[in-house]
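Peer 1: Take this structure first; my questions come after.
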Amino acid sequence: MLHMADYVHARMILSLLVFPIFQASWSQGQAVPAIFVFGDSFVDVGNNNYLPLSLAKANFPHNGIDFPAHIATGRFSNGKNIADFIAEKVGLPSSPPYLSLGSASGVSYLTGVNFASGGAGILNPKNPLDTQSVPLCKQVQQYLEVQQGLTQHLGSSGAQKHLSKSLFFISFGSNDILAYSGSSDLRMTPLQEYVAQMATTLKAQLKTIYVHGARKFVVVGLPPIGCCPSQRIKNTTRGCREDSNTWSLFFNDALTSLLQELKSELGNMTYSYGHSYPIVKSFIENPSAHGFREVKAACCGLGDLNAQIACLPVSQHCSNRGDHLFWDLFHPTEAAAGLYVDYIYDGPSQYASPINVRQLTAI
């Protein structure tokens with residue numbers, strides 16, 4: 001629900017708009033007019049369904065068992081994911097997968113688009129088998145096409161106003177760190193140099209998005225990747241892999257620095273940084289306080305910690321999904337995704353800084 005100041009602010013902006021369809025697109029119940037999502041499987045809502053050779057798909061059971069109509073949509077979850085909950089918070093429908101829109105006109109883009117792709121990374125994949133994910137650079141190119149469609153539909157001034165009030169949600173880096181963890185060839189590059197490449201590439205792409213209309217960014221850091229089931233089973237104690245966690249923290253440090261640099265360089269760019277690492281770490285270290293009972297094993301899968309075989313139709317799945325942190329060997333349950341969004345949307349500065357997402361929407 002909008003606070004009175006937010007309501008008045010939104011009404012003032014609406015009264016200035018000259019495009020009737022644009023005016024209709026931003027109702028009183030919406031904190032922002034649109035959400036544009038860039039990222040990997042944590043926020044993919046079905047783009048990989050349209051990649052015929054992709055091995056990173058979730059368009060089959062038991063995925064989606066708790067989604068409306070109990071169907072698999074391509075989300076790597078038993079239900080909704082982070083992108084869905086962010087949309088709910090601001091009063092919008094979930095942004096549709098870009099690849100589902102075909103040659104859609106600007107009208108289809110008014111409330112946002114999701115470009116996220118399972119398996120995607122910041123750096124371009126070097127393994128040919130990975131090319132059926134859509135990496136960051138290609139997602140940004142897809143956004144430029146959307147921005148052009150909006151400009152044609154709303155006019156240059158109308159599109160700029162629309163985009164300047166929209167949220168741009170960025171969730172990248174997990175696959176790059178997992179690739180580094182699993183590749184002796186990649187680890188020939190010193191970690192500091194590898195992370196610097198990630199940060200430099202991400203910064204350049206965020207600048208491109210900014211030049212083409214974005215002003216409000218929600219950028220989330222990496223969780224403790226070494227604590228997901230796929231990493232725990234590589235540890236003889238089944239504890240978290242501290243090397244992967246250290247690499248996650250190293251990237252998060254680079255990410256916070258680049259956001260500060262962008263703010264300094266671009267002036268009217270604003271952002272909220274989601275501190276994923278401490279949020280998820282608190283779920284793991286104090287599960288009962290957050291409603292969780294199982295924080296090591298996946299809900300869906302087979303083998304040790306349900307993480308030796310992925311969540312497939314032949315896999316087992318738990319009935320008590322609400323008290324599991326992990327749905328499969330990598331991804332959170334719907335319950336965990338919803339709670340995570342609560343933290344970054346309304347949380348204090350240790351979970352979202354320099355402002356939280358609610359405060360960002362009100363600017």
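The values are calculated or read from the model by the stated rules, or taken from the named source; none is laboratory data. Nothing here was measured: the structure is a model prediction, and the numbers come from that model. As a convention, Cβ positions derive from the backbone with ideal geometry for all residues, glycine included, and neighbour counts pool all protein chains shown. Only protein heavy atoms, including side chains, enter the accessible area calculation; ligands, DNA and RNA are left aside. Shrake-Rupley method; radii C 1.70, N 1.55, O 1.52, S 1.80 Å.
Peer 1: Restricting to the range 326-347, and then to whatever is of a type in the set (G, A, S) and part of a helix (DSSP H, G or I), can you tell me which residue is most open to solvent (accessible area, probe 1.4 Å)?
Peer 2: The first filter runs over the range 326-347 and keeps only residues of a type in the set (G, A, S), leaving 335-338, 347.
Then drop every residue that is not part of a helix (DSSP H, G or I), which leaves 335-338.
Numbers: A335: 43, A336: 3, A337: 2, G338: 11 Å².
Within the range 326-347, the match that is most open to solvent (accessible area, probe 1.4 Å) is A335.
Peer 1: Can you find even one residue in the range 112-127 that is under 18 Å from L262 (Cβ atoms), in contact with a Ser or Thr (Cβ under 7 Å, 6 or more places away or on another chain), open to solvent by less than 10 Å² (accessible area, probe 1.4 Å) and at pLDDT 95 or above? Give the derivation first.
Peer 2: First, pick out the residues of the range 112-127 that are under 18 Å from L262 (Cβ atoms): 122.
If we keep only those that are in contact with a Ser or Thr (Cβ under 7 Å, 6 or more places away or on another chain) too, we end up with 122.
Remaining after also requiring open to solvent by less than 10 Å² (accessible area, probe 1.4 Å): 122.
In the following step, the residues that additionally are at pLDDT 95 or above were identified as 122.
Looking for residues that are under 18 Å from L262 (Cβ atoms), in contact with a Ser or Thr (Cβ under 7 Å, 6 or more places away or on another chain), open to solvent by less than 10 Å² (accessible area, probe 1.4 Å) and at pLDDT 95 or above, one finds at least one in the range 112-127, hence yes.
Peer 1: Of R238, R232, which residue is farther than 30 Å from V32 by Cα, buried (at least 20 other Cβ atoms within 10 Å of the Cβ) and touching a helix residue (DSSP H, G or I) at 6+ places or on another chain (Cβ under 7 Å)? Lay out the reasoning, then the answer.
Peer 2: Details: R238 fails: buried (at least 20 other Cβ atoms within 10 Å of the Cβ).
Result: R232 is the single residue among R238, R232 that is farther than 30 Å from V32 by Cα, buried (at least 20 other Cβ atoms within 10 Å of the Cβ) and touching a helix residue (DSSP H, G or I) at 6+ places or on another chain (Cβ under 7 Å).
Peer 1: Moving on. Looking at L222, L206, which one is open to solvent by less than 10 Å² (accessible area, probe 1.4 Å) and either assigned to a helix (DSSP H, G or I) or more than 23 Å from N356 (Cα to Cα) (or both)?
Peer 2: On the way: L222 fails: either assigned to a helix (DSSP H, G or I) or more than 23 Å from N356 (Cα to Cα) (or both).
Sole residue among the options that is open to solvent by less than 10 Å² (accessible area, probe 1.4 Å) and either assigned to a helix (DSSP H, G or I) or more than 23 Å from N356 (Cα to Cα) (or both): L206.
Peer 1: Related question: Going by what's in this entry, would P93 be described as free of Cβ contacts under 8 Å to residues at least 40 places away in the same chain and either under 12 Å from the mean Cα position of the chain (by Cα) or more than 14 Å from P332 (Cα to Cα) (or both)? Break it down into steps so the answer makes sense when it comes.
Peer 2: Values: free of Cβ contacts under 8 Å to residues at least 40 places away in the same chain: yes; either under 12 Å from the mean Cα position of the chain (by Cα) or more than 14 Å from P332 (Cα to Cα) (or both): yes.
Against the criterion (free of Cβ contacts under 8 Å to residues at least 40 places away in the same chain and either under 12 Å from the mean Cα position of the chain (by Cα) or more than 14 Å from P332 (Cα to Cα) (or both)), P93 qualifies.
Peer 1: How many of the residues making up the range 66-95 are surrounded by fewer than 19 Cβ atoms within 10 Å (Cβ to Cβ) and assigned to a loop (DSSP other than H, G, I, E, B)?
Peer 2: Matching residues across the range 66-95 total 5.
Peer 1: Quickly run through the range 261-291 and pick out the residues that are open to solvent by 50 Å² or more (accessible area, probe 1.4 Å) and among the aliphatic types (A, V, I, L, M).
Peer 2: A289
Peer 1: Also: So, in the range 173-203, of the ones that are part of a helix (DSSP H, G or I), more than 22 Å from F330 (Cβ to Cβ) and not basic (K, R), which residue ends up least open to solvent (accessible area, probe 1.4 Å)?
Peer 2: To start, the set of residues in the range 173-203 that are part of a helix (DSSP H, G or I) comprises 174-182, 186-188, 191-203.
Filter once more, keeping what is more than 22 Å from F330 (Cβ to Cβ): 188, 192-193, 196-197, 199-201, 203.
Now restrict to residues that are not basic (K, R): 188, 192-193, 196-197, 199-201.
Numbers: M188: 152, Q192: 137, E193: 96, A196: 48, Q197: 78, A199: 16, T200: 97, T201: 46 Å².
This residue is A199.
Peer 1: Taking the conditions exactly as written (in contact with a helix residue (DSSP H, G or I) (Cβ under 7 Å, 6 or more places away or on another chain), among the polar types (S, T, N, Q) and at pLDDT below 95), does S184 satisfy them or not?
Peer 2: Numbers: in contact with a helix residue (DSSP H, G or I) (Cβ under 7 Å, 6 or more places away or on another chain): no; among the polar types (S, T, N, Q): yes; at pLDDT below 95: yes.
No: the conditions fail for S184.
Peer 1: Separate question: Please verify whether C311 is out of contact with any helix residue (DSSP H, G or I) (no Cβ under 9 Å at 6 or more places or on another chain) and in contact (Cβ under 8 Å) with a residue 40 or more places away in the chain, treating the condition exactly as stated. Outline the logic, then answer.
Peer 2: Values: out of contact with any helix residue (DSSP H, G or I) (no Cβ under 9 Å at 6 or more places or on another chain): yes; in contact (Cβ under 8 Å) with a residue 40 or more places away in the chain: yes.
Spelling it out, C311 is indeed out of contact with any helix residue (DSSP H, G or I) (no Cβ under 9 Å at 6 or more places or on another chain) and in contact (Cβ under 8 Å) with a residue 40 or more places away in the chain.
Peer 1: Now a separate question. Can you tell me which of (1) closer than 23 Å to D84 by Cα; (2) assigned to a helix (DSSP H, G or I); (3) not hydroxyl-bearing (S, T, Y) is the one Q260 doesn't meet?
Peer 2: Against the list (1) closer than 23 Å to D84 by Cα; (2) assigned to a helix (DSSP H, G or I); (3) not hydroxyl-bearing (S, T, Y), Q260 comes up short only on (1).
Peer 1: Mind checking which residues of the range 272-325 are assigned to a loop (DSSP other than H, G, I, E, B) and aromatic (F, W, Y)? Spell out the reasoning first.
Peer 2: Just the residues of the range 272-325 that are assigned to a loop (DSSP other than H, G, I, E, B), to begin with: 275, 286, 291-293, 299, 303, 307-308, 310-315, 318-320.
Answer for the range 272-325, where residues must be assigned to a loop (DSSP other than H, G, I, E, B) and aromatic (F, W, Y): just F292.
Peer 1: What are the residue pairs meeting all of these: first residue in the range 230-258, first residue closer than 14 Å to K296 by Cβ, second residue buried (at least 20 other Cβ atoms within 10 Å of the Cβ) and β-branched (V, I, T), Cβ atoms under 7 Å, and 6 or more apart or on different chains?
Peer 2: Note: pairs meeting the criteria are Q231/I225.
Peer 1: Among the residues of the range 348-363, write down those that are over 16 Å from the mean Cα position of the chain (by Cα) and either free of Cβ contacts under 8 Å to residues at least 24 places away in the same chain or in a helix (DSSP H, G or I) (or both).
Peer 2: Of everything in the range 348-363, those that are over 16 Å from the mean Cα position of the chain (by Cα) and either free of Cβ contacts under 8 Å to residues at least 24 places away in the same chain or in a helix (DSSP H, G or I) (or both) turn out to be P348, S349, R358, Q359, L360, T361, A362.
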